[in-house]
Amino acid sequence: MDSFELTTSSGVTLIRLADEGAEWIARELAVLFGARRPRVLVVTDEHVALHHLEALLVALRTEDFVCARLVIAPGEAQKSFARLREALDTLATGSFARDDVVLAFGGGVVTDLAGFAASVYRRGIEWIAAPTTVLGMVDAAIGGKTGINHEAGKNLIGSFHQPRAVLCATRVLATLPEREVRAGAAEIVKGALLGGGEFWRDIEQAGADATTWSAEILRSFILRGARVKVEIVGRDERESGERALLNLGHTFGHALEQATGYGTVAHGEAVFYGLRAAVWLSRLTGALDPMRADELQAWLARCELPGVATTPDALSDALRADKKTVEGKLRWILLRGPGEPFITAGVPGEAVRDCAEWLCAIAQTGRSARHGPRKRRVLVLHGPNLNLLGEREPEIYGRMSHDDIAHECREAARQHGFEVLIRQTNHEGDYVDLLQWGRRWADGLILNPGAFTHTSVAVRDALAATYLPAIEVHLSEPRQREEFRHVSLISELCRATVSGRGVAGYADAMARLSNFLSETGVGVAR
């Protein structure tokens, strides 16, 4: 574990990175609060919830924390007044007190939103940042900037509210899509350009595409990038001077996000484009040697980004709304070289316009990733009492445990080239939540809802709302058992039902789902 501190006028923020999973966060909270156990509101998004929320909540309860949760949809659009109101309603109706805590468990959207809610609820309560993305660990969760977007611009509504701690469990990064890893590295590259020296030389040698880095190198770069930010914020907490350097790449990056519609490009992708614009503008103004500028452009261009269309006029409109404007002039962060950033308001309007036209041209072209389409994703959901497999009525359900069946499912998924996620719950509401969260992640479902099959209209309705192809599986043959098991509320919503084949039914279900997805092309282009 690596541990260091950010010291500002607001106090001390503990920052820790560990090669651990979500359970480690709960253990760190127990150490942080000692004998006291505040109530915890965990704020996260559906993608993180599907992969990691259950493990975190179980670990928190094991450490005797009482928890509530708020799960939002993923994406930049969630940094809104509506989601802020939802967070505040959850705190208020749950009677959270001044000495309770908000735990922001997610990427930059989650930490920005949850931190802002904590800053205004009861005039400010404590919050902990537990970032789950590269971008969050390097940048978004550190420094106390919190807020939401406005139609007129990104992050226009917000406050400075330092978290008590930033806890980075780096194993959760393993579930990030490659695009998120690649985009998140923009903040690492920014930090290296700001810091220069050995950090920049190491980044330059490693290459701009973070998906080619090893897990060890990625973790090392996250740590070094975070330290760059801590050093700058420690000297200028509220961006009255030097902290503005951290906006390198963000001026045109934010403008590109706004001009194309939030969510069209990932924030990190926009920052990569913004870094290229900063290098171009540095060259146009004479700050950066043309040969060195060309070298930096060629290096940055190796990070493959999606193409996106906008116009110079749209970018100019977005720039006028930028919150970095002081006394009517926009502050620009330019480079004389790696490790030599500077702040200026003296960039001629014609240079800005030239840069906007250049950025529109390169952004429209883009460079698509070479690695091809991702694997199709299958979510396997098990219902109540299936955690007791191997112990519960083995004459009916067999002697294989739930872990054994999960292993067989993973093996079958591997044979068909699927990425698979397996979850089990004894609670109807949790099963519904998993279906709802899964609709944004999965390409297909394999469902054994257990008793919910025969009783739960809520599960049936949640399945209908996913619009995903599903295969129903039962270890036993329900039609040969008690009469109340003869009716399935989900069968008519499924592509097929496999029953009475024991664990072999899961391999059959994987094969059927594979055939359907191959025939229809579902999931290939997502």
Failed item, numbered, when F272 is tested on (1) crowded, with 24+ Cβ neighbours inside 10 Å; (2) among the hydrophobic types (A, V, I, L, M, F, W, C); (3) within 25 Å of the chain's Cα centre (by Cα); (4) more than 21 Å from V181 (Cα to Cα): (4)
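Among the candidates L386, L379, L463, single out the residue that is touching a His at 6+ places or on another chain (Cβ under 7 Å) and either within 29 Å of T520 (Cβ to Cβ) or touching a residue at least 12 places away in the same chain (Cβ under 8 Å) (or both).
Values: L379 fails: touching a His at 6+ places or on another chain (Cβ under 7 Å); L463 fails: touching a His at 6+ places or on another chain (Cβ under 7 Å).
Exactly one of L386, L379, L463 is touching a His at 6+ places or on another chain (Cβ under 7 Å) and either within 29 Å of T520 (Cβ to Cβ) or touching a residue at least 12 places away in the same chain (Cβ under 8 Å) (or both), namely L386.
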Of all residues in segment 209-220 being hydrophobic (A, V, I, L, M, F, W, C) and in contact (Cβ under 8 Å) with a residue 60 or more places away in the chain, the one that is nearest to E198 (Cα to Cα): L218
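Out of contact with any strand residue (DSSP E or B) (no Cβ under 7 Å at 6 or more places or on another chain) and closer than 26 Å to G261 by Cα: does that describe L173? Steps first, answer last, please.
Details: out of contact with any strand residue (DSSP E or B) (no Cβ under 7 Å at 6 or more places or on another chain): yes; closer than 26 Å to G261 by Cα: no.
Judged against the criteria, L173 is not a match.
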Residue identified as modelled with pLDDT of 95 or more and touching a His at 6+ places or on another chain (Cβ under 8 Å) among A97, A82, A92, A22: A22
Failed criterion for A345 (all others in (1) of a type in the set (A, V, I, L, M); (2) in contact (Cβ under 8 Å) with a residue 40 or more places away in the chain; (3) surrounded by fewer than 16 Cβ atoms within 10 Å (Cβ to Cβ) hold): (2)
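List the helices (runs of 4 or more DSSP H) inside segment 178-238, counting only whole elements, that have at least 3 residues being in contact with a strand residue (DSSP E or B) (Cβ under 8 Å, 6 or more places away or on another chain). Walk me through how you get there before you give the answer.
On the way: elements: 178-195, 197-206, 215-235.
Here the list reads 215-235.
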Among (1) surrounded by fewer than 19 Cβ atoms within 10 Å (Cβ to Cβ); (2) in contact with a Ser or Thr (Cβ under 9 Å, 6 or more places away or on another chain); (3) assigned to a loop (DSSP other than H, G, I, E, B) - the single one R501 does not satisfy: (2)
Every residue from segment 381-417 that is within 14 Å of N448 (Cβ to Cβ), under 29 Å from the mean Cα position of the chain (by Cα) and in a loop (DSSP other than H, G, I, E, B): G383
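Sort out for me the helices (runs of 4 or more DSSP H) sitting completely within segment 245-345 that have 2 or more residues that are in contact with a helix residue (DSSP H, G or I) (Cβ under 8 Å, 6 or more places away or on another chain) and within 27 Å of W213 (Cα to Cα).
Qualifying helices (runs of 4 or more DSSP H): 250-260, 267-284, 290-300.
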Any chance V279 is buried (at least 20 other Cβ atoms within 10 Å of the Cβ), touching a strand residue (DSSP E or B) at 6+ places or on another chain (Cβ under 7 Å), in the same structural domain as I343 (by TED's automatic domain parsing) and within 25 Å of E180 (Cα to Cα): yes
Output for segment 418-476, where each listed residue is within 18 Å of N387 (Cβ to Cβ), in a loop (DSSP other than H, G, I, E, B) and touching a strand residue (DSSP E or B) at 6+ places or on another chain (Cβ under 8 Å): T425, P449, G450, L475, S476
Residues being touching a helix residue (DSSP H, G or I) at 6+ places or on another chain (Cβ under 6 Å) and modelled with pLDDT under 90 - total across segment 136-158: 1
Unmet criterion (only one of (1) among the small types (G, A, S); (2) farther than 27 Å from G197 by Cβ; (3) buried (at least 16 other Cβ atoms within 10 Å of the Cβ)) for G390: (3)
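The values are calculated or read from the model by the stated rules, or taken from the named source; none is laboratory data. Keep in mind it's a predicted model, so treat the numbers as computed, not measured. Note: ideal-geometry Cβ built from the backbone for every residue, glycine included; neighbour counts use all protein chains shown.
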